[in-house]
């Protein structure tokens, strides 16, 4: 059994045996769907002709998947470092890629289950989401989104030494980004300069790509630009993650 | 057992530390330490908390980089991370370093896979540390002693040649402690090298071929426990049942340095046990008299209580280590 397979197996068992975290990982985006669905029931976004719900479903889905990817690995790396699990792995010949790779496999599965569940619920008659014709593009787009935000999570998990600091830093980055990237409110209703600011946020690109694939907003170039943006951020985050990774608290 | 051998020369030492220093801020945690541990040796590293033991061990393991000096394990530097050297080394983890929500067997299986060790080694190692009955118990539900034995198993599962153990018996009950001693003797008999830190001096005396005592980041002495005790400046003690001899008479015996009453005995401290016993025999008889020679603990307390003085004698004592 390879180090990668073993770590993935241990990670999978730890994940499914923690029912509470598992439940809330999947319930959290759904909660937002319900809240926004109730607030904006039947309203349309100005001039676009799209129902507010289809707009917000795309935004909440991309934020939910990104959030789970960031928090999942950041918490794991922080916990593994403070429990000396990373020290144990550091003293074995297992490569760092096996550690990150095993968490990546788990994050992809979490993202896939999240998306299926979320889209399934949003398609219920109460919410009435009708996926656009380009919905299969969601698969590569969300996979790329998981990649980019997982690498951001690696950086956070390398800096933070306590659960509190992981939550503080990750929320500090992810919550304002959700609003400024148009996950919860349409960017069209924001001032011009804020829309420009959103261009330096990775979530903006995930939103745009998911919005087209799921809700049919914009055109297929949004998917291409979105993927290119995510890829660029993935490269930057990956490089920073390599530089800042710490096996032990003192190293 | 594979040993890195220089062509025509003796095998490389398992551990060679040369003039290693490490500073934290303005505190010198490890101060110019030099030591060599032969392959197959059982080496004890003792010293008070804060003396620099952990730092020194982490430098040997390659987890920390020394500010100055060199470290070689089997002739190769452990820093930076060398994945071809790591399979030959086993490090006991903290008793918290378990993959969460796994059973003992699942945890050890994962560790074995990190080293590419065969799965059969997992059951065998659980058996060795006496955890076969707990194989399906979650790591979170293990008792303190069981957790410690699982942490030791994590260091042994890939059959390393050089094993670092950090206070491995701290949470064990007396039976488990003796059982672990047997495991460790077995490892030594199999030719493994063991680097052992402990606060249990009886344990060091019992198990170690050689010990080093670290005081304020410096090695105060390195020698076999037997020779350290032999060369000790600490007095031996002659214990008489209370009432056999009054204190004034005892104090008058030639060679007696101190007299005190302790735990129902009259204790005479001396560096000349033979003559004192003869005198006691003449005055009061030897019935029920016990003698206690200096133990490793006395040597240890003596050295660690007077760090400045001990550091002064370090050079001379260190040179008289075994051939």
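Where a number appears in this text, it was derived from the coordinates with a stated rule and is not lab data. Quantities reported herein were computed from a predicted structural model and do not represent experimental measurements. Counting neighbours? That spans all protein chains shown, and the Cβs are built from the backbone with ideal geometry, glycine included.
Some observations on this one:
- Pairs of Cα atoms nearer than 8 Å and 6+ residues apart set the relative contact order; for chain B it is 18 percent.
- Label-to-label distance, residue B:67 versus residue A:22, with points set 7 angstrom from Cα along the beta-carbon direction: 5.0 nm.
- Relative contact order %, chain A, counting alpha carbon pairs below 8 Å whose residues are six or more apart: 27 percent
- Placing R0 at 25 angstrom, the Cβ-Cβ distance between residue B:301 and residue B:227 gives a FRET efficiency of 0.90 after rounding to 0.05.
- Global geometry of region B:236-293, whether rounded, prolate or oblate, following the gyration tensor of its Cα atoms and the 1.5 cut on a/c: rounded
- Estimated from helices alone, the mean residue ellipticity of the protein assembly as shown at 222 nm is -16500 deg cm²/dmol (sum of -39500 (n - 2.57) over DSSP H runs with n ≥ 4, per residue).
- Scaling the Cα radius of gyration of the protein assembly as shown by the globular reference 2.2 N^0.38 Å produces a ratio of 1.31.
- Spin-label model, residue A:139/residue B:36: points 7 Å from Cα along the beta carbon direction are separated by 6.4 nm.
- Helix B:174-189 vs. chain B, principal-axis angle (Cα, 0 to 90°, nearest 10): 70 degrees
- Efficiency of FRET between residue A:189 and residue A:242 - r from beta-carbon atoms, R0 45 angstrom, step 0.05: 0.70
- C-alpha center-to-center spacing [region A:137-204, region B:192-260] in angstrom: 64 Å
- Shape of region A:90-202 from the C-alpha gyration tensor: oblate (a/c of 1.5 or more and a/b not above b/c, with a ≥ b ≥ c the square roots of its eigenvalues).
- Shape category assigned to chain B from the gyration tensor of Cα positions, a/c cut at 1.5: prolate
- Principal-axis tilt of helix B:273-284 within chain B, Cα atoms, nearest 10 degrees: 40 degrees
- Distance from the C-alpha centroid of region B:20-76 to that of region B:98-157: 28 Å, rounded to the whole angstrom.
- Axis angle, to the nearest 10 degrees, between helix A:52-82 and the longest C-alpha principal axis of chain A: 10 degrees.
- Normalised per residue, the volume of the convex hull around the Cα set of region A:47-114 (Å³): 90 Å³
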